[in-house]
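Trainee: The structure's right below; bear with me while I get my questions together.
The values are calculated or read from the model by the stated rules, or taken from the named source; none is laboratory data. Predicted, not measured: the structure shown is a model, and the values here were computed from it. In this analysis, Cβ positions are derived from the backbone assuming ideal geometry, glycine residues included, and neighbour counts consider all displayed protein chains. What goes into the accessible areas is simple: the full protein's heavy atoms, side chains included, and nothing from ligands, DNA or RNA. Shrake-Rupley method; radii C 1.70, N 1.55, O 1.52, S 1.80 Å.
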Amino acid sequence: MTSTTEPTEPTEPAEAAEAFSVWQLSETTLLRFATAGSVDDGKSTLVGRLLHDSKSVLTDQLEAVERASAGRGQDAPDLALLTDGLRAEREQGITIDVAYRYFATPRRRFILADTPGHVQYTRNMVTGASTAELTVILVDARNGVVEQTRRHAAIAALLRVPHVVLAVNKMDLVDYQEPVFAAIAEEFTAYALELGVPEVTAIPISALAGDNVVEPSAVMDWYGGPTVLEHLETVPVSHDLAHCHARLPVQYVIRPRTAEHPDYRGYAGQIAAGTFRIGDEVTVLPSGRTSTVSGIDLLGEPVDAAWTPQSVTLLLADDIDISRGDLIVPSKDAPATSQDVEATVCHVADAPLTVGHRVLLKHGTRTVKAIVKDIPARLTLDDLSLHPHPGQLVANDIGRVKIRTAEPLPADSYADSRRTGSFILIDPSDGTTLTAGMAGESFATPEPVKDETDDGWDF
């Protein structure tokens with residue numbers, strides 16, 4: 001989500017920096033976060049409590065929940081129903097789809113993705129956390145860290161989510177004992193740090209009773225940290241993509257060919273990262289042709305500078321063959337192009353991904369034919385060990401793949417850019433999304449073994 005109010009466009013570089021700072025300040029009031037956890041850990045109840053106690057629930061919504069709860073014989077409103085919207089979810093008492101909710105407090109605006117907990121819906125957690133800046137992972141205080149907890153921590157690490165909150169829920173069912181919370185927090189934090197998660201904040205809560213969700217708990221006086229909402233309102237959110245290498249995936253070539261604009265040729269798209277200015281020397285990938293930015297149009301008006309995530313039209317000084325799927329980048333910061341992509345992936349389809357699988361790879365606005373050349377490893381979540389050369393990845397597996405594309409791709413490392421370092425693999429027969437991929441290294445892999453069964457199908 002972008003701000004609806006764009007800054008007045010500057011005419012000097014100094015004014016551009018000042019205007020961006022003002023616009024960036026307003027953007028930092030927005031936090032995208034996701035919730036995750038095992039089945040029955042209380043994710044939907046936490047989200048419902050968060051919405052209810054922060055006064056973010058409309059009266060008619062609350063009345064509908066009260067009626068539904070009464071119809072099920074419950075004395076108090078079941079706040080989980082605020083997010084479990086599908087009939088199957090309400091009947092089974094679980095979350096299946098990703099439920100998005102938008103709410104705000106005086107200190108910050110939020111986009112919340114409530115993701116499923118059942119192992120067969122782990123793929124939906126990838127969807128919900130892919131754009132999140134913070135993930136809340138719930139743990140049942142009675143069960144501690146389980147395999148699905150580790151899986152969600154691994155996905156958060158692979159997706160480079162910068163902030164992770166461990167919410168130890170149902171503390172009321174363990175008599176609010178500090179040693180129980182401390183043991184779970186210590187185990188999870190050690191595991192997350194091993195995965196490379198940069199920051200973990202552990203909070204003991206009871207979503208059902210409301211302890212430490214919005215208001216501090218009166219029965220856990222041994223805990224002196226923030227409540228969940230307080231942490232969400234104050235956690236630093238780094239919107240520094242404007243200072244990254246500039247990237248503009250071309251979505252559309254604009255050629256009006258009117259009497260007013262007989263020679264207008266613009267390249268439209270949303271800036272994925274960085275800042276473009278008039279006079280910048282740019283390179284168009286994968287062709288490698290170079291030119292200079294001669295104009296920038298924003299909302300139909302010419303401007304001197306534009307930055308992520310604005311949608312703009314770039315005009316270049318030279319007539320270059322550019323089409324949808326090309327990437328415009330600064331000449332001095334151009335990524336390498338290659339037909340060989342190595343990545344960490346989370347397989348999301350029911351059908352397995354196998355060596356030799358012919359797929360479509362969608363990167364930004366570009367889609368190319370590709371073949372899976374090797375699957376070097378699959379991650380075992382229990383001990384973070386790697387199972388070498390499994391031959392295939394099944395639904396919800398996390399592993400390493402090597403892909404050969406029909407055309408060169410200018411992919412950044414996912415560690416450098418979550419936008420231009422990510423891709424998906426698509427089944428060319430029916431358009432089904434098979435795999436979500438993150439280019440570059442995410443965890444150590446064994447040395448690849450040459451595939452002696454290569455049938456010679458090369459691009």
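Trainee: Amide H neighbours of R160 under 5 Å, counting only residues 5+ apart in sequence or on other chains, H built in-plane at 1.01 Å?
Mentor: none
Trainee: Hey, another quick one. Could you go through segment 430-441 in sequence order and give the Karplus-derived ³J(HN,Hα) for each residue, using 6.51 cos²θ - 1.76 cosθ + 1.60 with θ = phi - 60°, rounded to whole Hz, and x for Gly and Pro?
Mentor: So the J values, rounded to whole Hz, are 9, x, 5, 6, 9, 8, 9, x, 10, 5, x, 7.
Trainee: Quickly work out the T105-to-D319 label distance, labels modelled 7 Å from Cα along the C-beta direction, and quote it in nm with one decimal.
Mentor: 5.8
Trainee: Hey, another quick one. Please report, as a whole percent, how much of the solvent-accessible surface of segment 338-439 comes from carbon and sulfur atoms (probe radius 1.4 Å).
Mentor: 49
Trainee: Using a Förster distance of 41 angstrom, determine the FRET efficiency expected from the C-beta separation of T258 and A64, and round it to 0.05.
Mentor: 0.20
Trainee: Here's another thing I want to ask about it. Give me the net charge of I398's neighbourhood, meaning all other residues with Cβ under 10 Å from the Cβ of I398; Lys, Arg count +1, Asp, Glu -1. Can you show the working numbers first?
Mentor: Numbers: positive: R151, R378, R400; negative: D397.
Summing Lys/Arg as +1 and Asp/Glu as -1 gives +2.
Trainee: What are the ³J(HN,Hα) couplings of segment 198-209, residue after residue, when phi is run through the Karplus curve with 6.51, -1.76, 1.60 and θ = phi - 60°? Round to Hz, x for glycine and proline.
Mentor: Whole-Hz 3J(HN,Hα) from phi for segment 198-209: x, 8, 10, 10, 9, 9, x, 9, 9, 5, 5, 8.
Trainee: At a Cα cut-off below 25 Å, give the lysines reachable from K402, other chains included and same-chain residues fewer than 8 away excluded.
Mentor: K362, K369, K373, K450
Trainee: Write down the accessible area per residue of segment 338-439 in Å², having rolled a 1.4 Å probe over the full set of protein chains. Could the numbers behind the result be given before it?
Mentor: Values: 3790 Å² over 102 residues.
For segment 338-439, the solvent-accessible area averages 37 Å² per residue.
Trainee: Here's another thing I want to ask about it. Remind me, relative contact order of segment 242-330 in percent, using alpha carbon pairs under 8 angstrom and six or more residues apart?
Mentor: Reported as a whole number, the value is 37 percent.
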